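Below is one structure; the comments refer to it alone.
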Amino acid sequence: MDEEFEVFSLPYPEMSVRMEMLEEAMAFMRSAIDPGANSFNGEHYQLAEFNPQPRPKNLRLMIGGAGYPKGRRIVANYADEYNLYARKPAVYRKVWDLTRAEAIEAGREPDSIFWTSAGPALAAKSDADYRRLLELSAETTGETIEHIETSYEERGYPHGPGSKAVEMLAELEEAGCQRYFPQLFVHDVSDMEIIM
């Protein structure tokens, strides 16, 4: 990511400043999309009072993150959706519980936050098809099949033949995740048929 800022000659402050800017940007956007004439005067961003008409409907603020305290606080105060990086259900649930508690503390209804996750997924109906996809993934990444399966297991990525991936997604749903965006790395569109 550092290289992108360097290529475009954009300032790239320390992480603490970037998080401060993110929090202020979320507060700015919340002011911009909430009903009524609003203004915002922050250290990094300013917004003159305005009331845009027609106001866009169903405009939502989404933030992605790993569940660290500063990110959770930003979500609890401003976000409509939290895309928590893919992880095992127990860890997902812990972040879910902590963020909901912070939302209540901030005076927000915790159910107003929609919970999602995104990450790799590698699944197929049959064991043979799953093994074939694993082999293709190993060829593409240069990793061993064992390494790929171990990584998926450790990180809680849905994977496996038959109903295993579905069961993993069900556990994630029980932990609070309302939608999972799978990143499917297939080599051929026809491979989608063996996944569904």
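Computed over every Cα-Cα pair of segment 131-172 and binned at 5 Å starting from 0, the pair-distance distribution P(r) comes out as 6, 24, 28, 25, 13, 5, 0 percent. Cα-based values for the chain, radius of gyration first and Dmax second, are 20.4, 61 Å.
Restricting attention to the chain, the count of lysine pairs at 8 or more positions apart or across chains with alpha carbons under 26 Å apart stands at 6. With both residues required to sit in the chain, DSSP beta bridges show an antiparallel share near 15%. For the chain, the longest principal axis of the alpha carbon atoms and the long axis of helix 15-33 meet at an angle near 70°.
Looking at segment 106-183, the GluC sites (Glu not before Pro) that sit in a DSSP loop and have at most 15 other Cβ atoms within 10 Å of their own Cβ are 143. Shape call for segment 1-105 from the C-alpha gyration tensor, a ≥ b ≥ c root eigenvalues: rounded (a/c under 1.5), prolate (a/b greater than b/c) or oblate? It comes out oblate by the Cα gyration axes. Taking chymotrypsin sites (Phe, Trp or Tyr not before Pro) across segment 121-190, the ones in a DSSP loop with at most 16 further Cβ atoms lying within 10 angstrom of their Cβ are 185. Ranked by solvent-accessible area (1.4 Å probe, protein heavy atoms only, all chains present), the residues 94, 57 order from largest to smallest as 57, 94. Taking the C-alpha atoms only, the angle from helix 145-155 to the longest principal axis of the chain is near 40 degrees. On a per residue basis, the chain carries 61 Å² of accessible surface, using protein heavy atoms and a 1.4 Å probe. Ordered from largest to smallest accessible area (heavy atoms of protein chains, 1.4 Å probe), the residues 92, 45, 85 come out as 85, 45, 92. Look at the alpha carbon pairs under 8 Å that are at least 6 residues apart: their mean separation over the length of the chain gives a relative contact order of 18 percent. Couplings 3J(HN,Hα) for segment 82-91, derived from phi with the Karplus relation 6.51 cos²θ - 1.76 cosθ + 1.60 (θ = phi - 60°), are 10, 9, 7, 3, 4, 6, 5, x, 5, 6 Hz, where x marks Gly and Pro.
The values are calculated or read from the model by the stated rules, or taken from the named source; none is laboratory data. Everything numeric in this text was worked out from a predicted model, so none of it was measured. Cβ atoms come from the backbone with ideal geometry, glycine included; neighbour counts cover every protein chain shown. These area figures cover heavy atoms from the full protein model, side chains too; ligands, DNA and RNA do not enter into them. Shrake-Rupley method; radii C 1.70, N 1.55, O 1.52, S 1.80 Å.
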